[in-house]
Structures are given as structure tokens and as C-alpha cells.
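Okay, structure first, notes after.
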Amino acid sequence: MRRAVILAVVATLGVGLLAGCSEDSDEPTASTSSAGGGDAKGKTKLTVGVFGAFGLKEAGLYDEYMQLNKNIVIEQTSIERNENYYPPLLQHLATGTGLADIQAVEVDNISEITSTQSAKLADLGKVEGVQKDAFLDWKWSQATTKDGKTVGLGTDIGPQGICYRKDLFAAAGLPTDREKVGALWAGDWNKYLAVGKQYKAKNKSKAAFVDSAGGVLRSATGSNAARYYDKDGKVIYKTNPALKEAWELGASFAKEGLTSKLQQFTPGWNSGFANSAFATISCPSWMLGYIQEKAGPAGKDKWDIAPAPKPSAWGGAFLTVPEAGKNVEEAKKLVAWLTAPEQQAKFFAKRGSFPSAKSTYSLPEVSGAKHEYFANAPIGQIFSKAAQGIPVQVIGPKDLIIAQTLSDIGMLQVDQKGKTSKQGWDAAVKAIDNALDQ
């Protein structure tokens, strides 16, 4: 019954947060990829199941691996939304059927996978060439069981900045230099709210200051170690003062009329980039490619990036290898290669997915990275500094459901329907309690 309720809530959330990936895939969707095996030419086919446009294929990493390993063919299938990808993954792990050789897992699901499915997954910490010390300690620990089994290797993390429109800032009498912009709100998310009020007072365009109250909520929440669970696994979101502060901040953006009232990752929100619907947005590193695509050529050099008020994390993912796969050993080799520091650096350079391997931060591909579209912003420096300041977050088994419900049911009512902060909060709590059987 509990699983049925959770699946029902996930279904009602509709289009939610796309944590850990930059955009939806153009590939045909499927529930999972087919199991492995050899193809007609006698090569070993490795299947990879992901959600969204995960980026590994788009970055050319599969092609590179196949060039290095002529006996391997890699086939990827993608389900557009993680909330539609993850429940079937749990079902397939339970039955040991219908699994890809490699399955991606989003960070908000990794706690449940690690605590309940570790027996069904290979220990990737023991694979030749995998170096624990190369990764951020907290990223490694997120996919490691209490007895030391590492069931997932991190592909990326989601350090955040604030992407802003220089032309809209200038028109509102605000500075446009990224260092001066960052200084406006440095150290306090409430300063971001204050800048929004300054912008609104002098803004003569139709562009709101920020895209959505839900986005503000998610970003401010990401600056805290404790969010929805405590370190003992107890659900604390109702009483966590840090979360309530982030909630009230998001609600204040809505109350002050600073948002475009758009729900993230919906068609209207996508169009908002090209239509100049908002002047700022909290942007994890993986969102840069998304903004570039949706804003189009006309947005080049108008968008820039400044540091977020506080280091904050949104998104990131892992690769796992189910023990029920047909090519477990070859799959482990591929995962080890894809998550190696050298490949993570390429992944960042080509897709903006920031490495979870800390050893890459000194590599020129990362430390010296600039983004031409965003006014040649030094994204390597901005996101490296943010990544190293992110608090070690407590990850709970139902983080994704809690986060999405707070944003897409609770905060959306405040932002779009004019509900009070308390009304929105109460609606979200009721839906979350139903989902968690609290």
C-alpha cells in the first residue's frame, strides 16, 4: 500500500524538478533498456538506462570508449523524467529482470537505493582503477553502505550560481559586472530578496526578477546540511528551522511579486528564457546548457553568472551496475572509465556537468573553463569554489518526493494561486504525509 501511495503521489506531481540532468532527451523513451548480450557481429552490447538527457552520450564518451574497446557496443535508453524512471527501476531490481547493464540513479534517490538495494548491486569500490580519494568524500559516502560497499560512482554534482540577464540589470540600475553582482547578495539568501525588491522598484520591462518561488526554495534549501531527514534517518522537514526559513524566503518572493509565476521544467518556463520572462535564476552547473538552448542565440552575452549567496547543491547522479545484468564485469569497467577524473573533466567541458571527482579541479579543462555563451564567465572557478563550500548533506530515502511536493504542490499554490504561506505549507505537508504514511 505504501508503494502504491507513493507512486500515486509521484504521478500527480506531473512535471517536476529535473535534478542531475540538463534537459529532456530527444531519444525515444522506454521503461528500461533491454538486457545485454552479444550483437550480430559478435561484440558485447552494454546497455545503459538513464533519465533525461543524461549527457554521457551527448558528450561523446560512449563513442570514445567504443573506439578504445572495439569489442564493445554501447546502447542507451532514456526516460524523460526521473519520477517516471525511478519507480520501475525499483521494481526491476526487486524482480531481477528488465534491467540495463548500467542504471543511473539521481542523488535524491541514492539513499534509498544504497540502504535497500545494495544486495542487488555490484560493489564498484573494488573495481580496478577506481580511486576513492579522487572523489569528494561526501559524494563517495552517499552511495556507500554502513559496511563499506560502494554501489554507485558519482558522475557529477550540482554546485549552484545565479544566472542573470545583464541587460535587464542595467535597465533597472543594477551593476552588471559579475563580481559586483555577486557582492550584492554575498553570504545571505535574504540579500537576494532585497536585490529583487530594488530591481522591481526600477524595472520598466515585463521581466520578473526571478523565474519561480519554487526555484528559490529549492536553491536556499540546498545550502543546508539537514533538510528533510536527520542523520539518524528521522523525517524532520516539518520542524527543521533551516527548511522553514527557506520556505518563507520562497514565499516572500511570491508575496512581493518578484516571480514570473512559472513552474520549472514546463513549456511556459522553457519559453520564458527566450521571451525574457525573468532576470535571474538559480542555476546548477548542469543547467547552463539548458539555458543556452532555451534562450537561443539571442541570449548570448546577455546572460552571465555570479556566485550564489551561499554555496548550494542541486542535483547530481550516480551510475550503478545491477548484479542481475548479463555483462556485469564489462559494465563495471565502463562505469569505472566513465566516472574517472579524466572523463569527468571532459563531461564538464562539453556539457557543464560539474565533476564529483575533486582531483579534476586543478585540471585546466576544469579550473580554466569559461563559458562563451555566458559572457565568457569563468565557470570553472565559480563552480569549483561553490562545490568545495557545499555542506555535507543528509540524504534521506524520500528526498525527491518531499522536495517536489514542497515545490510543485505547496509553493506553486503560493506563487500562482495567491495562497498564503501557511496554506501552501499545509497543502504540501498533507500530501507528503499521505505519501510517507505518516
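The values are calculated or read from the model by the stated rules, or taken from the named source; none is laboratory data. This structure is a prediction, so every number in the text was calculated from the model and none was measured. When we count neighbours, we look across all protein chains shown, and the Cβ atoms used for this are built from the backbone with ideal geometry, even at glycine.
Hey, among Ala345, Ala387, which residue is closer than 30 Å to Lys166 by Cα and modelled with pLDDT under 90? Step through it out loud before you land on a result.
On the way: Ala345 fails: modelled with pLDDT under 90.
The unique qualifying residue is Ala387.
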For this session: Please tell me if Lys244 is assigned by TED's automatic domain parsing to the domain that holds Gln198, touching a residue at least 12 places away in the same chain (Cβ under 8 Å) and more than 19 Å from the chain's Cα centre (by Cα).
Result: no
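Grab the helices (runs of 4 or more DSSP H) fully contained in segment 190-276, keeping just those with 1 or more residues being under 19 Å from Lys310 (Cα atoms) and of a type outside the set (Ser, Thr, Tyr).
Values: elements: 213-221, 241-255, 267-274.
The qualifying helices (runs of 4 or more DSSP H) are 213-221, 241-255.
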Problem set entry | Residues located in segment 329-364, provided they are within 21 Å of Trp138 (Cβ to Cβ), of a type outside the set (Ser, Thr, Tyr) and part of a helix (DSSP H, G or I) | Val335, Ala336, Leu338, Pro341, Gln343, Gln344, Ala345, Phe347, Phe348, Lys358
Exercise. Just one of Ser359, Ser407 is buried (at least 19 other Cβ atoms within 10 Å of the Cβ) and either under 30 Å from Thr144 (Cβ atoms) or β-branched (Val, Ile, Thr) (or both); which is it?
Worked result: Ser407
For this session: Inspect segment 193-206 for any residue being touching a residue at least 40 places away in the same chain (Cβ under 8 Å), aliphatic (A, V, I, L, M) and touching a Gly at 6+ places or on another chain (Cβ under 9 Å) and give the result as yes or no.
Result: no
For this session: Being outside the structural domain of Ser223 (by TED's automatic domain parsing), more than 22 Å from the chain's Cα centre (by Cα) and over 25 Å from Leu89 (Cβ atoms) is the filter here, so list the residues in segment 133-170 that pass it.
Result: Asp133
Exercise. If you go through segment 43-59 one residue at a time, how many are assigned to a strand (DSSP E or B) and among the acidic types (Asp, Glu)?
Worked result: 0
Seminar exercise, completed: Scanning segment 251-299 residue by residue, those hydroxyl-bearing (Ser, Thr, Tyr) and out of contact with any helix residue (DSSP H, G or I) (no Cβ under 9 Å at 6 or more places or on another chain) turn out to be Thr266
For this session: Scan segment 177-206 residue by residue and report those that are surrounded by 14 or more Cβ atoms within 10 Å (Cβ to Cβ) and among the hydrophobic types (A, V, I, L, M, F, W, C).
Result: Val181, Ala183, Leu184, Trp185, Ala186, Trp189, Leu193, Val195
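Please note which helices (runs of 4 or more DSSP H) are completely contained in segment 71-176 and include at least 1 residues that are of a type in the set (Lys, Arg) and buried (at least 19 other Cβ atoms within 10 Å of the Cβ).
On the way: elements: 82-95, 107-116, 137-142, 166-171.
Because the criterion is at least 1 residues that are of a type in the set (Lys, Arg) and buried (at least 19 other Cβ atoms within 10 Å of the Cβ), the helices (runs of 4 or more DSSP H) in segment 71-176 that meet it are 137-142, 166-171.
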